[in-house]
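Visitor: There's a structure below that I have some questions on.
None of the figures in this text is laboratory data; all of them are computed from the coordinates on show. These numbers were taken from a predicted model, which means no experiment stands behind them. We place every Cβ from the backbone using ideal geometry, glycine too, and count neighbours over all the protein chains shown.
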2 protein chains.
Amino acid sequence: MTARRDVFQAIADPTRRAMIGLLANRTLTINDVAENFVMSQPAVSKHMHILMECGLVVMVKKGREKHCRANLSALEEVARWAEQYRAFWNDRLDILGDLLKNDE
Amino acid sequence: MTARRDVFQAIADPTRRAMIGLLANRTLTINDVAENFVMSQPAVSKHMHILMECGLVVMVKKGREKHCRANLSALEEVARWAEQYRAFWNDRLDILGDLLKNDE
DNA sequence: CATTTGCATAACCACCTGGTTATATTATTT
DNA sequence: AAATAATATAACCAGGTGGTTATGCAAATG
């Protein structure tokens, strides 16, 4: 709720999509996450921060560690947006042919 | 198929998402599309070009006009990616509580 | 208490993005 | 043939993005 960042923009980056996949069914610290990518720790921290800002990741600080987990319900907006068009692409298979057809 | 541009990046921009909605069940020319947005014609042309590059829009030139239509099946990739996580967010409702819980 | 660890922050960089205006190109209209 | 219309292209610009290294700081460890 009240996501400040746009979730569509957050998932535009393939690295962040991979992070979501990583944290879908696992709780990892920032360093754990960083081990899965060939980039510096600050770069990973920034990505995680963006994911948190739009609600896609939830973090809980425990001592000096930060335990992170994906909050996948934030993807509902994306799923619904894409799915609203499913009827269209199931229905009208050949748009190109359709476009060309009306040249009388 | 063989989309050169990333569809996730294409839909990251709200203007382009609006254009997809506009062309979901309508065939419009570039100028028709431009009338729906408060930006210059070249700006609209660029957005449409990006949508075309990743297969989200199909265009057919007819004389000096260009007839455009959304090819919504290109959204299947997005829908499938988001939907793969639906089981997770249906299953585990309170991630935050879950995260906090294991502090024994 | 000194050191190490986990993470954030700052400053910087190259490149990308989304917009602009001006102009070119091609097709239609008069 | 000249004028107009539809679109593309070029050149430019401000601000954003994704990365870096260096450093700071709180928490855990020896």
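Visitor: Which residue pairs have Cβ atoms under 8 Å apart, sit 6 or more places apart or on different chains, and have a first residue in the stretch B:6-20 that is within 15 Å of B:Gly55 (Cα to Cα) and more than 8 Å from every other protein chain (Cβ to nearest Cβ) and a second that is near DNA strand C (Cβ under 8 Å from one of its atoms) and among the basic types (Lys, Arg)?
Guide: B:Ala10/B:Arg16
Visitor: Looking only at residues that are out of contact with any Leu (no Cβ under 8 Å at 6 or more places or on another chain) and of a type in the set (Gly, Ala, Ser) in the stretch A:13-33, which one is farthest from DNA strand D (Cβ to nearest atom)?
Guide: Residue satisfying both the conditions and the ranking: A:Gly21.
Visitor: A further question on this structure: If a residue must be more than 9 Å from chain B (Cβ to nearest Cβ) and outside any helix (DSSP H, G or I), how many such residues does the stretch A:48-78 contain?
Guide: Number satisfying all stated conditions: 9.
Visitor: A:Ala87 versus (1) away from DNA strand D (no atom under 11 Å from the Cβ); (2) in a helix (DSSP H, G or I); (3) touching a strand residue (DSSP E or B) at 6+ places or on another chain (Cβ under 8 Å): which is the lone unmet condition?
Guide: Against the list (1) away from DNA strand D (no atom under 11 Å from the Cβ); (2) in a helix (DSSP H, G or I); (3) touching a strand residue (DSSP E or B) at 6+ places or on another chain (Cβ under 8 Å), A:Ala87 comes up short only on (3).
Visitor: Only one of B:Val58, B:Val7 is more than 10 Å from the chain's Cα centre (by Cα) and either under 23 Å from A:Trp81 (Cα atoms) or basic (Lys, Arg) (or both). Can you tell me which?
Guide: None of the others qualify; the one that does is B:Val58.
Visitor: Now for a different question. Taking only the stretch B:16-35 into account, find how many residues are more than 14 Å from B:Val57 (Cα to Cα) and surrounded by 14 or more Cβ atoms within 10 Å (Cβ to Cβ).
Guide: Counting residues in the stretch B:16-35 that are more than 14 Å from B:Val57 (Cα to Cα) and surrounded by 14 or more Cβ atoms within 10 Å (Cβ to Cβ) gives 2.
Visitor: Next question. Quick one: in the stretch B:19-57, which of the residues that are of a type in the set (S, T, N, Q) and away from DNA strand C (no atom under 11 Å from the Cβ) is farthest from B:Glu76 (Cα to Cα)?
Guide: Selected residue: B:Asn31.
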